[in-house]
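J.: Structure incoming, see below.
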Amino acid sequence: MITTGDIAQVRAIRWADPSLSWGLVPTMGYLHDGHLSLVRQARAENDRVAVTIFVNPTQFAPTEDLSTYPRDLERDLALLAAGGVDLVFTPDNTTMYPPGFQTKVTVEQVSRPLEGLSRPAHFQGVTTVVAKLFNIVQPTRAYFGQKDAQQTVVIRRLAADLNFNLEIIVGPTIREADGLAMSSRNVRLSPEQRAVATVLYRALHTAVSALRAGEHDSETLRALMRDTVAAEPLARLDYVSVAHLHTLAELDRVESGALFSLAVFFGNVRLIDNIVVEAA
Ligand code: AMP
């Protein structure tokens, strides 16, 4: 496994043998089994696997947790080496954003609702850095987790609109045994917060169960999620959503597929989760 922060070296390795397919897994590090499941899938579907570890400052608002975002590069590299990764790109901020940098990539509509309402500049930071990573690594396939549902929609749009010559693959959300979606941020929860953080998954399940039982009114389904979160004193709801799978617009009624999602604060730790329902 080669680890480098150098763009020219990444390109030289990637193109040493153009007949080989490459899978790319972009991450912000502090790896868990959610990331590693994407690595395993990339390993199975490509000749070579590249992982990027870059805590991208431009996708954090000044009020957010950039400075406290967990980092452990040594541990990450050991996990990736054990996972059969060929190349790890670990650029520093100046490599990605040298003096004079001024280009931003914006995916318009689908970046706006949900996370976009709570984190207005977030997706512009994500799409700019992901476009750069796509250009640097030029993978055959790029892997993203369903855990960040809106991100997968935004990135599919980015890849299609800018004609990136690669395939976007979305892997399932990997969860702890009690249902909490794995996240690098989970480590920042206190033991008390960690114990009740299952409320995201419980809220989603309450709404999906109600849908299965015949409740198709989205506002009733949203209210069920809100009430579930409100019952946990340590949890503060940011938003709940029942949205169209592709446009991400809020639905009045769930008549076919829908994305159920929510964001919840525990102190200053903000967690998100979602469930896709393919048919009502
Ligand atoms: P991050 O390091 O949080 O930027 O995540 C890097 C990639 O891993 C993104 O595509 C995430 O959607 C994905 N990911 C994060 N957590 C999970 C999870 N619990 N299950 C599956 N994929 C995940």
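Throughout, read-outs are computed from the coordinates displayed, never taken from laboratory work. Note that the structure is predicted; figures quoted are calculated from it, not measured. Cβ placement follows ideal geometry from the backbone for every residue including glycine, while neighbour counts extend to all protein chains displayed.
J.: Among Val105, His32, Ala12, flag the residue with its Cα farthest along the positive direction of the charge dipole of the chain, charges on Cβ as +1 for Lys/Arg and -1 for Asp/Glu.
T.: Ala12
J.: What number does the chain give for Rg over Rh if you use C-alpha atoms and the Kirkwood radius?
T.: 0.97
J.: Related question: Dividing the convex hull volume of the Cα atoms of the range 161-227 by its residue count, what figure in Å³ per residue is obtained?
T.: 172 Å³
J.: What does the charge count around His246 come to, taking other residues whose C-beta lies under 10 Å from its C-beta (Lys +1, Arg +1, Asp -1, Glu -1)?
T.: That sum, taken over residues with Cβ under 10 Å, equals +2.
J.: How much length would be gained if the chain were fully extended between Asn93 and Glu192, taking 0.36 nm per residue of separation minus their Cα-Cα distance, in nm to one decimal?
T.: Length difference between fully extended and current span is 32.1 nm.
J.: Dipole of the chain, Cα-centred, from +1 at each Lys and Arg C-beta and -1 at each Asp and Glu C-beta, to the nearest 20 debye?
T.: The dipole magnitude comes to about 340 debye.
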